[in-house]
Amino acid sequence: MAEVLFFLAAALAIATALAIVLVQNPFYSVLALILNLIALAILFLLLNAEFLAAAQVVVYAGAVMVLYIFVTAYVGGSDQPVIPEGGVLRTIAPFFAAAIFIELSIAIVGSSLTMLDSSGGEISAGFGSPAQIGELLLSRFLVPFEAASYLLLITAVGAIVLAQRRRGLEEAEL
Amino acid sequence: MSITWFVVLSAVLFAIGLFGVMTRRSPLVILLCLELMLNAGNLALIAFARGHGNADGQIFALIVMVVAACEVVVGLGLIVAMYRRRIPIDADAASELRG
């Protein structure tokens, strides 16, 4: 059962990842990313990360992607050639990506971690539950938690400053 | 279901995202591909957390999700600012600061 679910979710994740990169219209790329996030949430569930799977669907695929869709609709996704000409970077990109993948695979498969061949260590009953994550966040990881909240506050202010209308500048350029 | 499968899948997704970041010209799609890479990293973190039977890696992944959300908000704010000032939405055209 777990195997079937894994291969279905993995196939969906890889197909939608390719769609993000290879589809011309940015709007379809955003929709493909939403499906990709849901496929990843299924994989998180298979790894006993219940809370993160829920957060992934609600916060990521829900809230963040709405922002993407609004901006794509506002800016107007123009169709562009998927792989434009020019640039050494674009010519070597496929080879570079393949090289990174092969290198990572050698590192993963070649490592002598016995953990990788098992289906995971012993876990307690509440592993990955909201209760356990919340307890860890408010005890051992209190400082990262507070730092993350400050980061979010600064980002919210920064985004408003970046996207606000600056009358003087705009009229001068028109 | 061994953990290796999950980690190799995360490597595949990371490589696809990297390919997108290097080839696409629209900053919107580049941001989407960055999301893909960050999520591949998250998958690896959660797979290792499961492998060790320790939930610390899940906290790490949660913080990565927060940072990814911040990155999206600032990136989209920049794209909206570019649009308002009628700068073409194209990573190749925005090269004024190139050395």
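Please find, within the range B:21-31, the residue that is surrounded by the most Cβ atoms within 10 Å (Cβ to Cβ) out of those that are in a helix (DSSP H, G or I) and at the interface with chain A (Cβ under 7 Å from one of its Cβ atoms).
B:VAL29
Out of the range A:133-143, which residues are free of Cβ contacts under 8 Å to residues at least 40 places away in the same chain, surrounded by 15 or more Cβ atoms within 10 Å (Cβ to Cβ) and part of a helix (DSSP H, G or I)?
Of everything in the range A:133-143, those that are free of Cβ contacts under 8 Å to residues at least 40 places away in the same chain, surrounded by 15 or more Cβ atoms within 10 Å (Cβ to Cβ) and part of a helix (DSSP H, G or I) turn out to be A:LEU136, A:LEU137.
Matching residues to (1) at the interface with another protein chain (Cβ under 7 Å from one of its Cβ atoms); (2) modelled with pLDDT of 90 or more; (3) part of a helix (DSSP H, G or I); (4) open to solvent by less than 80 Å² (accessible area, probe 1.4 Å):
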| position | (1), (2), (3), (4) |
| --- | --- |
| A:LEU116 | yes, no, yes, yes |
| A:PHE127 | yes, no, no, yes |
| A:SER149 | no, yes, yes, yes |
| A:GLY168 | no, no, yes, yes |
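Output the number of the condition that A:SER78 fails; it satisfies all remaining conditions of (1) out of contact with any helix residue (DSSP H, G or I) (no Cβ under 7 Å at 6 or more places or on another chain); (2) modelled with pLDDT of 90 or more.
(2)
Would you mention how many residues in the range B:32-69 are open to solvent by 10 Å² or more (accessible area, probe 1.4 Å) and either under 11 Å from the mean Cα position of the chain (by Cα) or under 30 Å from A:VAL157 (Cβ atoms) (or both)?
13
Residues in the range A:43-70 that are of a type in the set (Gly, Ala, Ser) and surrounded by 17 or more Cβ atoms within 10 Å (Cβ to Cβ): how many?
Within the range A:43-70, residues that are of a type in the set (Gly, Ala, Ser) and surrounded by 17 or more Cβ atoms within 10 Å (Cβ to Cβ) number 4.
Tell me which residues, restricted to the range A:1-14, are within 15 Å of the chain's Cα centre (by Cα) and surrounded by fewer than 17 Cβ atoms within 10 Å (Cβ to Cβ).
A:ILE14 - this is the single residue of the range A:1-14 that is within 15 Å of the chain's Cα centre (by Cα) and surrounded by fewer than 17 Cβ atoms within 10 Å (Cβ to Cβ).
So which of A:ALA99, A:ALA32, A:ALA73 ends up being surrounded by fewer than 16 Cβ atoms within 10 Å (Cβ to Cβ), in contact (Cβ under 8 Å) with a residue 12 or more places away in the chain and more than 7 Å from chain B (Cβ to nearest Cβ)?
A:ALA73
List the pairs whose first member sits in the range A:118-131 and is within 15 Å of A:LEU46 (Cα to Cα), whose second member is modelled with pLDDT under 80 and part of a loop (DSSP other than H, G, I, E, B), and whose Cβ atoms are under 6 Å apart, counting only residues at least 6 apart or on separate chains?
A:SER119/B:MET1
The values are calculated or read from the model by the stated rules, or taken from the named source; none is laboratory data. No experiment lies behind these values; they were computed from the predicted model shown. No Cβ is skipped: glycine too gets one built from the backbone with ideal geometry, and neighbour counts run over all protein chains shown. Only protein heavy atoms, including side chains, enter the accessible area calculation; ligands, DNA and RNA are left aside. Shrake-Rupley method; radii C 1.70, N 1.55, O 1.52, S 1.80 Å.
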